[in-house]
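Below is one structure, written out as structure tokens; the observations come after it.
The values are calculated or read from the model by the stated rules, or taken from the named source; none is laboratory data. Remember, it's a predicted structure, so these values are computed and weren't measured experimentally. Cβ atoms come from the backbone with ideal geometry, glycine included; neighbour counts cover every protein chain shown. Remember, those area values only see protein heavy atoms, side chains included, never the ligands or the DNA or RNA. Shrake-Rupley method; radii C 1.70, N 1.55, O 1.52, S 1.80 Å.
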Amino acid sequence: MSERAERLAGATLAVLASLAVVYVAWKLRDDHVGDATIYLAYAENAGEGRPFQFNEGEFSSGSTSPLWSLILGVPYAFGGGIGAAKVLAALFAVGAVLAVFHAAREISGSWLAAGAATLFVPGAMTFYPVSLYESGLIVALSALSLVAMSRVYACWRDEGELALRTALPLVAIWAALPLSRPDAVLLVAAEAVALLAFAPVPRGAALRALVPLAALATLPSVAYFGYSIAATGTASTSSDARSYALQEVAREFVGPLYRNADALREVVGSPWIFSLLPALAGLLLLARRADARWLAAHGALSIAGYLFLLTFVAPGFYDSPRYLLPVVPIVVCAVAYLLARASGGALRAAALAAAVLVIGLATADRLNDDLDLIAGFGIDEREVFSKEPVAVVNRMARPGDVLLSYEVQLRLFLRDDVKVLSQDGIIDGEVREYQESRDMTGFLREQRPDWWIADQNVNTRPYLRGSVLERVFDAFKADPTLRSRSYEGIRFELVKRRRRPLQPGFGGWQMLFRVSY
């Protein structure tokens, strides 16, 4: 193929990958998942000039990605709503695909190889960003960091010193990564170590250049997470609550040392296995080039770091694919480099054709499975935001009342003068000190919520089993005629009971109680 034809073919494959993302976004435009919609309450407040707030007037570090909560606030600032937020999330997902393609093209030097390898991205990523997760942002930043690293290395090699204008894009990305997802600090550390180890300048000169740049990049994270520690007692109530939940699940279901078979199965299953094995070969080829060892080291450190994290430290369990996304650009770039280095016209043509076929089919299969899965859930806006009990609370609550709930995304449609208290601490961390002791009675007496929306999570989380909340839930579920009951001096009065069947795959509210002490 001529160079022009290869460019056209590579760009076409990148466009096809982008169109796959757009197609899934359109198909899922009316569907929701619970966790991702928590961002919307933060986004609405950010759009109204109150960043990092879940309940109005209170700082909260309950969003996994504080940066994403600000970005999603943009459509709210211009009068948009959930639909506009979904469009923005889809645009970021498409941007992530194109950013990965751009990085793969720069690393491999081949448009066609980059396009073929980029077909992996929608299969690994698409469901999450179009569902409002921060995934498009983290994948785009990870990809752009590879481009920025490449230019830093080239500047060192060609000029013997690091120009500030070349370094600043990498500093900005390093600053953004931990605020996009806290675990992405792994990428920053891997990139800094790789650049320091293989810089084409003396080690001392590289150290003197990188240390102040890294220190500058940490300032936004130090400010945000430091403020969170001062305000809530923890760097991130979201990370704290999720880590506790993951370890709680790991202790009960996964095995010793929190060994996560789910994460291991993900990387040896479709579509990961069809790109990960070639990627490892690509990293070995990169390691043979003196001017590319920084990328091989970064790739090896990042992939190993995430697999270790998800296997032994904070197992992702059913959500492993989302936690693996920061290494997707590394995998794609390594595969593209391998394809671009296939020697011989016939061999290279065969390798590229096989890559397009295998990776493309694996991606199409994963997207089809994801669409079938979410369509089967059928979780709509009314369900995910618990609109029926929220309407009752909006009508009956007094200003300043407190609503206890496990599914806190209902905040979006709740009156501003009613505070949401998180049953698992994700937005406020208030329950954390009571979880190990399973003292939910002490938690209720300390926080004194006026309302409680009960759902089936009360029967599934170990720290809630046997608690006053589970006993109330089980008693009212077993006796449809029961209207009120007191436990340990706390009175629960049934206000509304669910009449519709529960949706699969979601906690789903079942009863609304008024609580008094």
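Does Asp474 fit the bill of being under 30 Å from Thr64 (Cβ atoms) and touching a residue at least 12 places away in the same chain (Cβ under 8 Å)?
Values: under 30 Å from Thr64 (Cβ atoms): no; touching a residue at least 12 places away in the same chain (Cβ under 8 Å): yes.
So Asp474 does not fit the description; no.
From the list Leu137, Leu132, Leu179, Leu146, pick out the single residue that is closer than 26 Å to Pro321 by Cβ, under 21 Å from the mean Cα position of the chain (by Cα) and open to solvent by 20 Å² or more (accessible area, probe 1.4 Å).
Leu179
Go through the residues of region 76-88 one by one and say whether even a single one is modelled with pLDDT of 95 or more, in contact with a Pro (Cβ under 9 Å, 6 or more places away or on another chain) and open to solvent by less than 10 Å² (accessible area, probe 1.4 Å).
Looking for residues that are modelled with pLDDT of 95 or more, in contact with a Pro (Cβ under 9 Å, 6 or more places away or on another chain) and open to solvent by less than 10 Å² (accessible area, probe 1.4 Å), one finds at least one in region 76-88, hence yes.
Are there any pairs, at least 6 apart or on different chains, whose C-beta atoms fall under 8 Å, with the first in region 29-57 and under 18 Å from Ala93 (Cα atoms) and the second of a type in the set (Lys, Arg) and open to solvent by less than 30 Å² (accessible area, probe 1.4 Å), and if so, which?
These pairs meet every condition: Arg29/Lys86.
With the condition kept exactly as written, say whether any residue in region 156-164 is closer than 23 Å to Leu283 by Cβ and either touching a helix residue (DSSP H, G or I) at 6+ places or on another chain (Cβ under 8 Å) or open to solvent by 20 Å² or more (accessible area, probe 1.4 Å) (or both). Steps first, please.
We begin by selecting, within region 156-164, every residue closer than 23 Å to Leu283 by Cβ; these are 156-157.
Retained after the next criterion (residues that are either touching a helix residue (DSSP H, G or I) at 6+ places or on another chain (Cβ under 8 Å) or open to solvent by 20 Å² or more (accessible area, probe 1.4 Å) (or both)): 156-157.
Within region 156-164, one or more residues are closer than 23 Å to Leu283 by Cβ and either touching a helix residue (DSSP H, G or I) at 6+ places or on another chain (Cβ under 8 Å) or open to solvent by 20 Å² or more (accessible area, probe 1.4 Å) (or both).
Answer yes or no: is there a residue in region 365-387 that is among the aliphatic types (A, V, I, L, M) and more than 25 Å from the chain's Cα centre (by Cα). Working first, answer last.
In the first step, residues of region 365-387 are kept if they are among the aliphatic types (A, V, I, L, M); the result is 367, 371, 373-375, 379, 384.
Applying the additional criterion that residues be more than 25 Å from the chain's Cα centre (by Cα) yields none.
Scanning region 365-387 turns up no residue that is among the aliphatic types (A, V, I, L, M) and more than 25 Å from the chain's Cα centre (by Cα).
For the structure I just gave you, tell me whether Tyr23 is part of a helix (DSSP H, G or I), open to solvent by 10 Å² or more (accessible area, probe 1.4 Å) and aromatic (Phe, Trp, Tyr).
So Tyr23 fits the description; yes.
For residues in region 284-312 being basic (Lys, Arg) and without any contact (Cβ under 8 Å) to a residue 40 or more places away in the chain, which is surrounded by the most Cβ atoms within 10 Å (Cβ to Cβ)? Give the derivation first.
From region 284-312, those basic (Lys, Arg) are 288-289, 293; that's our starting set.
The next check asks that each one be without any contact (Cβ under 8 Å) to a residue 40 or more places away in the chain; those that pass are 288-289.
Working: Arg288: 9, Arg289: 12.
So, considering only residues that are basic (Lys, Arg) and without any contact (Cβ under 8 Å) to a residue 40 or more places away in the chain, the one surrounded by the most Cβ atoms within 10 Å (Cβ to Cβ) is Arg289.
Just checking, how many residues over region 485-511 are of a type in the set (S, T, N, Q) and open to solvent by 60 Å² or more (accessible area, probe 1.4 Å)?
1
Quick check: is even one residue across region 465-484 open to solvent by less than 20 Å² (accessible area, probe 1.4 Å), in a loop (DSSP other than H, G, I, E, B) and in contact with a helix residue (DSSP H, G or I) (Cβ under 7 Å, 6 or more places away or on another chain)?
Yes, region 465-484 has at least one match.
Give Arg105, Arg50 a once-over and let me know the one that is surrounded by fewer than 23 Cβ atoms within 10 Å (Cβ to Cβ) and either in a helix (DSSP H, G or I) or out of contact with any helix residue (DSSP H, G or I) (no Cβ under 7 Å at 6 or more places or on another chain) (or both).
Arg50
Could you list, in sequence order, all residues of region 418-438 that are open to solvent by 60 Å² or more (accessible area, probe 1.4 Å) and free of Cβ contacts under 8 Å to residues at least 40 places away in the same chain?
Within region 418-438, Glu430, Glu433, Glu436, Ser437, Arg438 meet the criteria.
I need the full set of residues from region 380-396 which are surrounded by 20 or more Cβ atoms within 10 Å (Cβ to Cβ) and not in a helix (DSSP H, G or I), in order please.
Those that are surrounded by 20 or more Cβ atoms within 10 Å (Cβ to Cβ) and not in a helix (DSSP H, G or I): Phe385, Ser386.
What is the number of the single condition among (1) within 17 Å of Gly508 (Cα to Cα); (2) in contact with a strand residue (DSSP E or B) (Cβ under 7 Å, 6 or more places away or on another chain); (3) open to solvent by 10 Å² or more (accessible area, probe 1.4 Å) that Ser405 does not meet?
Result: Ser405 fails condition (3) only.
Pick out the one residue from Val74, Val94, Val87 that is under 26 Å from Ala223 (Cβ atoms) and of a type in the set (A, V, I, L, M, F, W, C). Steps first, please.
Working: Val94 fails: under 26 Å from Ala223 (Cβ atoms); Val87 fails: under 26 Å from Ala223 (Cβ atoms).
Matching residue, one of Val74, Val94, Val87: Val74.
Is it true that Ala334 is more than 19 Å from the chain's Cα centre (by Cα) and over 17 Å from Ser145 (Cα atoms)?
Numbers: more than 19 Å from the chain's Cα centre (by Cα): yes; over 17 Å from Ser145 (Cα atoms): no.
Here the answer is no, as Ala334 does not meet what is asked.
In region 26-46, what count of residues is obtained for those that are open to solvent by 20 Å² or more (accessible area, probe 1.4 Å) and at pLDDT 95 or above?
2
On the given criteria, is Phe513 over 30 Å from Leu373 (Cα atoms) and either part of a helix (DSSP H, G or I) or of a type in the set (Gly, Ala, Ser) (or both)?
Answer is no for this residue.
Can you confirm whether region 195-217 contains a residue that is touching a Pro at 6+ places or on another chain (Cβ under 6 Å), in a helix (DSSP H, G or I) and more than 20 Å from Ala287 (Cα to Cα)?
No, region 195-217 contains no residue that is touching a Pro at 6+ places or on another chain (Cβ under 6 Å), in a helix (DSSP H, G or I) and more than 20 Å from Ala287 (Cα to Cα).
Do we have Arg461 as open to solvent by less than 70 Å² (accessible area, probe 1.4 Å), within 28 Å of Leu373 (Cα to Cα), touching a helix residue (DSSP H, G or I) at 6+ places or on another chain (Cβ under 8 Å) and of a type in the set (Lys, Arg) here? Lay out the reasoning, then the answer.
Working: open to solvent by less than 70 Å² (accessible area, probe 1.4 Å): yes; within 28 Å of Leu373 (Cα to Cα): yes; touching a helix residue (DSSP H, G or I) at 6+ places or on another chain (Cβ under 8 Å): yes; of a type in the set (Lys, Arg): yes.
Taking the combined requirement at face value, the residue satisfies it.
Please find, among Leu196, Leu210, the residue that is more than 30 Å from Glu433 (Cα to Cα), modelled with pLDDT of 80 or more, touching a helix residue (DSSP H, G or I) at 6+ places or on another chain (Cβ under 8 Å) and crowded, with 18+ Cβ neighbours inside 10 Å. Reasoning before the result, please.
Working: Leu196 fails: crowded, with 18+ Cβ neighbours inside 10 Å.
After ruling out the rest, the residue left standing is Leu210.
Here's a check for you: in region 271-283, which residue that is open to solvent by 50 Å² or more (accessible area, probe 1.4 Å) and either touching a residue at least 24 places away in the same chain (Cβ under 8 Å) or touching a Leu at 6+ places or on another chain (Cβ under 9 Å) (or both) is nearest to Leu119 (Cα to Cα)?
Among them, the one singled out is Phe274.
Picking from Tyr76, Tyr128, Tyr133, which residue would you name as being assigned to a loop (DSSP other than H, G, I, E, B) and either in contact with a Ser or Thr (Cβ under 9 Å, 6 or more places away or on another chain) or farther than 22 Å from Ala334 by Cβ (or both)?
Among Tyr76, Tyr128, Tyr133, only Tyr133 is assigned to a loop (DSSP other than H, G, I, E, B) and either in contact with a Ser or Thr (Cβ under 9 Å, 6 or more places away or on another chain) or farther than 22 Å from Ala334 by Cβ (or both).
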